[in-house]
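What follows is a set of notes on a single structure, which appears directly below.
Only the coordinates and a few stated rules stand behind these numbers; no lab work does. Bear in mind the structure is a predicted one, so any value in this text is a computation, not a measurement. Cβ: placed from backbone, ideal geometry, glycine included. Neighbour counts: every protein chain shown.
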Amino acid sequence: MTNNEALTMRAAAVTRYGAPDVVVLRDVPRPAPGPRDVLIRVRATTVSSGDARMRARRVPSGMGFLVRLAVGWNAPRHAVLGTECAGEIVATGAEVTRFRPGDAVIAFTGAAMGMHAEYTVVPEDGLVAPKPDALSWEEAAALLFGGTAALHYLRHEARVKPGERVLIVGASGAVGAAAVQIARHEGAEVTAVCSAANAALARELGAAKVIDYHAEDFARADTQWDVVMDCVGAADYARCRRVLAPGGRLLRVVCGLAGQFAAPFQGRFSGHRVIAGVAAERPDDVLALVAMAREGTYRAVIDEVLPLARIAEAHARVDTGHKRGSVVIAVGGGPPPRRHPSR
């Protein structure tokens with residue numbers, strides 16, 4: 001290996017906002033770990049709905065100007081997207097004590113991104129944890145984007161209790177599939193809203209009932225739920241009010257700026273709570289998801305696996321709005337691209 005090769009890596013970069021074809025592979029400097037960082041050789045990552053929204057600057061209503069100020073005016077300030085990965089540690093900073101080279105880990109960077117590359121750096125005390133041994137790189141890489149959001153809303157915000165009735169709208173995407181499992185893990189009775197084609201998957205993940213949104217409007221149902229979690233931006237409070245039980249909580253995972261401002265004030269006279277906003281990123285949640293994966297109560301749903309060279313196709317798949325779970329990117333070799341059997 002030449003010195004130049006040792007200092008560079010292949011990465012998928014977004015140099016301007018736009019369609020999937022704005023994602024290009026290029027050689028970029030390989031990051032170096034700081035004193036408290038670990039350098040991870042990425043084996044698998046995902047293209048999430050968050051990545052696709054960032055690439056296209058497709059943001060909830062009213063947030064376009066603020067997003068441009070925060071993340072870049074004409075292109076993402078962090079050109080290399082990607083929020084989660086699985087891989088092995090190849091180097092550590094001088095002050096790192098939790099990990100050592102050779103450790104297999106999963107990691108989540110959230111808004112910092114940077115996972116669509118052959119190497120990435122994360123803080124030792126950040127969102128990084130040992131990879132469950134039984135999981136493949138692809139399965140491990142897809143645990144965190146949906147899982148951390150589901151834990152934030154269901155456990156920390158709604159505080160779902162055993163026996164409560166929970167409705168998950170958009171139950172077959174990465175966040176929705178995680179939410180079905182986590183609500184069930186918390187002891188809730190889960191109703192999933194998805195297409196008929198995904199009904200079997202929703203039941204397999206733990207849903208007791210499934211509503212096909214093509215055939216039935218959950219908002220006109222005779223049932224009431226203690227928690228309604230909208231993972232796709234399809235349900236505001238006006239639509240959900242009559243199906244929220246007394247003390248019910250509406251969780252708006254995808255919500256425009258006006259909805260976020262209104263959320264704290266909506267439902268107060270009806271005894272409801274409306275919760276919206278960005279999900280917090282907690283190291284304890286990463287460890288909780290790893291523990292659940294080890295015990296077999298939580299798993300990632302994989303829609304498709306593609307190599308890094310075909311990452312633009314992965315973005316296009318996410319843009320359809322019909323993926324099941326996560327679209328995974330295999331980085332640096334591995335098996336050929338394939339459809340996952342669950343699809």
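So here's what we get for this one:
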| read-out | value |
| --- | --- |
| Estimated [θ] at 222 nm from DSSP helical runs (n ≥ 4, -39500 (n - 2.57)) normalised by residues in the chain, nearest 500 | -6500 deg cm²/dmol |
| Mean Cα-pair separation over length for the chain, i.e. relative contact order, pairs under 8 Å, 6 or more apart, % | 19 |
| Relative intensity, log₁₀ I(q)/I(0), of the range 72-149 from a Debye sum that treats every alpha carbon as a point, q = 0.13, 0.15, 0.23, 0.28 Å⁻¹ | -0.40, -0.53, -1.12, -1.45 |
| The range 73-192: antiparallel DSSP beta bridges as a percent of all, rounded to 5 | 65 |
| Counting DSSP beta bridges with both ends in the chain, the antiparallel % (nearest 5) | 55 |
| Under 23 Å from Lys209, Cα to Cα: lysines that are on another chain or at least 8 residues apart | Lys161, Lys323 |
| Over the range 284-333, relative contact order from alpha-carbon pairs under 8 Å, at least 6 apart, % | 40 |
| Computed over the chain, Kirkwood Rh from alpha-carbon pairs, angstrom | 20.5 |
| Relative contact order, percent, the range 71-224 [alpha-carbon distance under 8 Å, six or more residues apart] | 15 |
| Binned Cα-Cα distances of the range 188-305, short to long, each 5 Å bin given as a whole percent | 2, 10, 16, 19, 19, 17, 12, 4, 0, 0 |
| Burial order of peptide ranges 320-327, 190-197, 131-138 (average beta-carbon count within 10 Å, highest first) | 190-197, 320-327, 131-138 |
| Given charges at Cβ of Lys, Arg, Asp, Glu: the chain dipole, positive-most of Tyr119, Pro31, Gly50 | Gly50 |
| Cα-centre dipole for the chain with unit charges at Cβ (Lys and Arg positive, Asp and Glu negative), debye to 20 | 700 |
